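Beneath this line is the structure, given in structure tokens, with notes to follow.
The values are calculated or read from the model by the stated rules, or taken from the named source; none is laboratory data. The structure presented is a predicted model; accordingly, all values stated were derived computationally and were not measured. Every residue, glycine among them, receives a Cβ derived from its backbone with ideal geometry; neighbour counts consider all protein chains shown. When the accessible area is computed, the model is the full protein with side chains, heavy atoms only, and any ligands, DNA or RNA have been set aside. Shrake-Rupley method; radii C 1.70, N 1.55, O 1.52, S 1.80 Å.
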Amino acid sequence: MALPEAEGLRVTFNPPLYLQRQIWVLDILRREKVQSVLDIGCGEGSLLQCLTEPSYTLPPTTSLPPTSPFVLGTGANALADLYLHTIHGLDPCASNLELAILGTSPSSPDRPPFTGYERWTRRNARWMRLEVSLWEGGFEAVNDAFARDAVDAFVASEVIEHLAPELLSLFAPVILGHYRPRLLLLTTPNYTYNQRFTPPGEVSPTGYPDATGRTDRVFRHSDHKFEWTAEEWAAYCNDAASKYGYSVDIGGIGGAVEPDPWSREDALGFASQIALFRRITPDAPQPVKLDELRNFAATSQAVLRAKHIHEPHPLSPDELALPPNLAQVREAAKEAIAYNRKGTLTFNDLWKHGEISLKCMGDVGALVRAFERTHIDPDAWLVEDETEGWETKVTWKSFGASQVPVAQPRNLLTKSAV
């Protein structure tokens, strides 16, 4: 139950704290080039829905030279999207899982041709097959689907603080000792930061006393079994990393928008604590006995509740053996320029128009090749800032002197042309 009311402080986060945690997770997954993910305690599927979104392009391939700004670039120019082929969601709550199943189900398939406004505003086409599996159960139920090297990264965001002591004692042995993913991403509340919600010496009006009775601490949620200080968090993470052959980077996320009237920012730290574990040894220094884990979880097996297959677009390279038709890419660029009523667009502007990415079959290298100087008519096209990646400028010189071009028949099965 909530504690008696006391005067609280206005504390807001921008973006909201849950989004800051999600952004951190997504940034790590992109940076580490993760291809498969397990979301432990996936809840209603907020993170899973982000993970199922199609990537902006296909992964970088040999169609882009090593010196391409898309390969060498950073920030907006780097092709640093998530290219996932497998996603698992795991949660013990059936009602939460129902929403996750609904939120990750495939959308209706694209049905070309697109006409009018729809062709420029639809969602990205999907260029890679994606399999999404939703499981009901707890992490302690050993599941061969999550076996070593089957899943790149495990994520457990705001999960472990909900674990009873007997389950918490199994978390590191099961995840790091048995499954041994390449990466493990964890977040948990910072107990010390709870003081930020009230003046010094007062009790949070929205807090909850430790229901386990083990401490006199006041938590943020009624179901929390513990909340750790930064020192306690570091001790847990460092101990788990050393036992099971991982390195760990520990940090925090989330600071209030409002200044603290008592200037406690440095002392209280961040609202959420984070940890990124990286596997550094092939086997755990302290092996985990699988039979013991299976015996513990014998009455709690995970059940597959749904499996979604997100099929690639029918015009994807996986479906067609033909390369993109570069002449048709340029014709589609004319349509995009005419639609925008601007004679010059960047590569990024062009790619946002769905027709261009379809003509390129998701390969940004096809867009680059379509406007190489050896392939274009210099009387028709001007290409500037080729070293700028997505900000490369393409000008159709005849724009304004020509009528808006009529859409060409949507047929990418023709012989490739330059």
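Figures for the structure shown
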| quantity | calculated |
| --- | --- |
| Criterion (more than 30 Å from Thr392 (Cβ to Cβ), open to solvent by 30 Å² or more (accessible area, probe 1.4 Å) and at pLDDT below 95) met by exactly one of Leu72, Leu167 | Leu167 |
| Pairs with Cβ under 8 Å, 6+ apart, first in the range 354-371 and among the hydroxyl-bearing types (Ser, Thr, Tyr) and at pLDDT below 90, second open to solvent by 10 Å² or more (accessible area, probe 1.4 Å) and not in a helix (DSSP H, G or I) | Ser357/Asn124 |
| Qualifying residue in the range 320-333 (condition: within 30 Å of His178 (Cα to Cα), modelled with pLDDT of 80 or more and in contact with a strand residue (DSSP E or B) (Cβ under 9 Å, 6 or more places away or on another chain)) | no |
| Residue within the range 44-57 that is modelled with pLDDT of 85 or more, in contact with a Pro (Cβ under 8 Å, 6 or more places away or on another chain) and either within 28 Å of Arg279 (Cβ to Cβ) or open to solvent by 40 Å² or more (accessible area, probe 1.4 Å) (or both) present | no |
| Residue in the range 309-323 that is aliphatic (A, V, I, L, M), open to solvent by 30 Å² or more (accessible area, probe 1.4 Å) and closer than 30 Å to Ala94 by Cα present | yes |
| Asn194 vs. criteria free of Cβ contacts under 8 Å to residues at least 40 places away in the same chain, crowded, with 16+ Cβ neighbours inside 10 Å and either in a helix (DSSP H, G or I) or of a type in the set (Gly, Ala, Ser) (or both) | yes |
| The range 81-101 residues that are more than 13 Å from Val303 (Cβ to Cβ), paired with ones that are part of a helix (DSSP H, G or I) and basic (Lys, Arg) (beta carbon under 8 Å, 6 or more apart) | Asp81/Arg30; Leu82/Arg30 |
| Residues of the range 256-287 satisfying the condition of being in contact with a Gly (Cβ under 9 Å, 6 or more places away or on another chain) and either charged (D, E, K, R) or closer than 17 Å to Arg21 by Cβ (or both) | Glu265, Gly269, Phe270, Ala271, Ser272, Gln273, Ile274, Ala275, Leu276, Arg279, Asp283 |
| Number of positions in the range 262-273 that are within 14 Å of Thr12 (Cα to Cα) and assigned to a loop (DSSP other than H, G, I, E, B) | 2 |
| The range 372-400, subset of a type in the set (Asp, Glu) and under 37 Å from the mean Cα position of the chain (by Cα), residue modelled with the lowest pLDDT | Glu386 |
| Flag if Ala234 is free of Cβ contacts under 8 Å to residues at least 60 places away in the same chain, hydrophobic (A, V, I, L, M, F, W, C) and either open to solvent by less than 60 Å² (accessible area, probe 1.4 Å) or touching a Leu at 6+ places or on another chain (Cβ under 9 Å) (or both) | yes |
| Pair list, Cβ under 6 Å, 6 or more apart: the range 45-66 residue within 12 Å of Val364 (Cα to Cα), other residue in a helix (DSSP H, G or I) and not polar (S, T, N, Q) | Thr57/Val364; Pro60/Val71; Ser63/Gly365; Leu64/Phe70; Leu64/Val71; Leu64/Gly365 |
| Which listed residue, of Arg148, Arg196, is of a type in the set (Lys, Arg) and under 23 Å from Val303 (Cβ atoms) | Arg148 |
| Residue count for the range 168-187, restricted to those that are touching a residue at least 12 places away in the same chain (Cβ under 8 Å) and out of contact with any helix residue (DSSP H, G or I) (no Cβ under 9 Å at 6 or more places or on another chain) | 1 |
| Sole residue being surrounded by fewer than 16 Cβ atoms within 10 Å (Cβ to Cβ), in contact with a Leu (Cβ under 8 Å, 6 or more places away or on another chain) and not in a strand (DSSP E or B), chosen from Pro259, Pro205 | Pro205 |
| Single condition Gln35 does not satisfy, out of (1) in contact with a His (Cβ under 6 Å, 6 or more places away or on another chain); (2) open to solvent by 20 Å² or more (accessible area, probe 1.4 Å); (3) over 29 Å from Gly251 (Cβ atoms); (4) at pLDDT 75 or above | (3) |
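Let's see how each residue does on (1) in a helix (DSSP H, G or I); (2) over 21 Å from Asp266 (Cβ atoms):
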site	(1), (2)
Ala211	no, yes
Glu232	yes, no
Cys237	yes, yes
Lys243	yes, yes
